[in-house]
Amino acid sequence: MSPRNPYHRKAGRPKPDRLPTREEIAKGVNQMKASGASGHNYRERSLDLHGMICAKCAREFTAVDRHELTVHHIDGNDRNNPLDGSNWENLCVYCHEAEHSRGRLGDYLRGED
């Protein structure tokens, strides 16, 4: 379990009661396009809000190596992207991998793999 999120086990999306139709999917995509929402906008917003520094190891990044800085969703839900950035922390690729593998190692050691 993560010290930042004690409820973070195998975080995943809830199972839907039914699958959406093609029309519902198309409508959702059109709404997202119209609102300017993009899967990558939250990364830029997080970098602007929190700066180009890893929240764990404090390594600083420049425009040259910013691709090594990732956005970690604290609650484990990659669809939870509040505009104030409260669910994000910038982590370098190494700290991000360590954050996610920590939970898997704990599950394995408890026999819950």
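The values are calculated or read from the model by the stated rules, or taken from the named source; none is laboratory data. Computed from a predicted model, the values in this text were never measured in an experiment. Please note: Cβ atoms are built from the backbone with ideal geometry, for glycine as well, and neighbour counts cover all protein chains shown.
Spot the failing condition for residue 48; the list is (1) in contact with a His (Cβ under 9 Å, 6 or more places away or on another chain); (2) of a type outside the set (Ser, Thr, Tyr); (3) outside any loop (DSSP other than H, G, I, E, B), and only one is missed.
Single failed check for residue 48: (1).
Give me the pairs, please: first residue somewhere in region 53-73 and closer than 23 Å to residue 84 by Cα, second residue anywhere and surrounded by 11 or more Cβ atoms within 10 Å (Cβ to Cβ) and among the small types (Gly, Ala, Ser), beta-carbon distance under 7 Å, and either six or more positions apart or on two chains.
Once the first residue is closer than 23 Å to residue 84 by Cα and sits in region 53-73, its partners that are surrounded by 11 or more Cβ atoms within 10 Å (Cβ to Cβ) and among the small types (Gly, Ala, Ser) give 71/46.
Condition first: more than 10 Å from the chain's Cα centre (by Cα) and surrounded by fewer than 14 Cβ atoms within 10 Å (Cβ to Cβ). Now tell me which residues in region 72-93 satisfy that.
Those that are more than 10 Å from the chain's Cα centre (by Cα) and surrounded by fewer than 14 Cβ atoms within 10 Å (Cβ to Cβ): 82, 83, 84, 86, 93.
Can you list residue pairs whose Cβ atoms sit under 8 Å apart, with the first residue in region 93-112 being over 21 Å from residue 67 (Cβ atoms) and the second being modelled with pLDDT under 75 and surrounded by fewer than 11 Cβ atoms within 10 Å (Cβ to Cβ)? Count only pairs 6 or more apart in sequence or on different chains.
From region 93-112, the pairs are 103/10; 104/113; 107/10; 107/113.
Going through 77, 81 one at a time, which residue ends up being touching a Phe, Trp or Tyr at 6+ places or on another chain (Cβ under 7 Å), part of a loop (DSSP other than H, G, I, E, B) and in contact (Cβ under 8 Å) with a residue 12 or more places away in the chain?
None of the other options fit; the residue is 81.
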